[in-house]
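The values are calculated or read from the model by the stated rules, or taken from the named source; none is laboratory data. Not measured: the values here are computed from a predicted model. All Cβ positions, glycine included, derive from the backbone under ideal geometry; neighbour counts span all protein chains shown. Remember, those area values only see protein heavy atoms, side chains included, never the ligands or the DNA or RNA. Shrake-Rupley method; radii C 1.70, N 1.55, O 1.52, S 1.80 Å.
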Amino acid sequence: FAAIEEHQPDIVGFSAFLTTTMPMFKANINALEKAGLRDSVVVMVGGAPVTQEYADAVGADGYAADASATVKKAKALLDERRAKVPA
């Protein structure tokens, strides 16, 4: 999580290409929470076996089925986040 602290990204993405690696999404989100970083980033997940239902179950902020949809979803999530921050 040093890279998140150093670079302070708006979005962190996790991708899985096998169902056997999907449980790491929840483990990583839990680790972000434990490190006190969860509220500072939007978490997006994706990959061939991933679904919106799985993204919801692990507590991700966003999911998209392909790269084009990911860009649109990321922009929408950032717009939502920025709208919540007082100017």
Point-to-point label distance, residue 30-residue 66, nm (Cα→Cβ direction, 7 Å offset): 3.5
Carbon/sulfur accessible area of the chain, % of total, 1.4 Å probe, equals 57
Rounded to the nearest 20 debye, dipole of the chain from Cβ charges on Lys, Arg, Asp, Glu: 100
Starting from the 7 Å offset along Cα-to-Cβ, what nm value, one decimal, do you get for the label separation of residue 7 and residue 79? 2.5
Counted charge near residue 43, where neighbours are those whose Cβ lies closer than 13 Å (Asp, Glu -1; Lys, Arg +1): -1
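Probe of 1.4 angstrom, ligands and nucleic acids ignored: what's the accessible area per residue over segment 1-75, in square angstrom? Before the final figure, lay out the partial values.
Numbers: 4500 Å² over 75 residues.
That works out to 60 Å² per residue.
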Read-out Cα extents along the principal axes in Å, candidates (i) 41, 28, 21; (ii) 61, 21, 20; (iii) 61, 32, 21; calculated match is (i)
Express in nm, to one decimal, how much length is gained between residue 40 and residue 52 on full extension, taking 0.36 nm for each residue of separation and deducting their alpha carbon distance. 2.1 nm
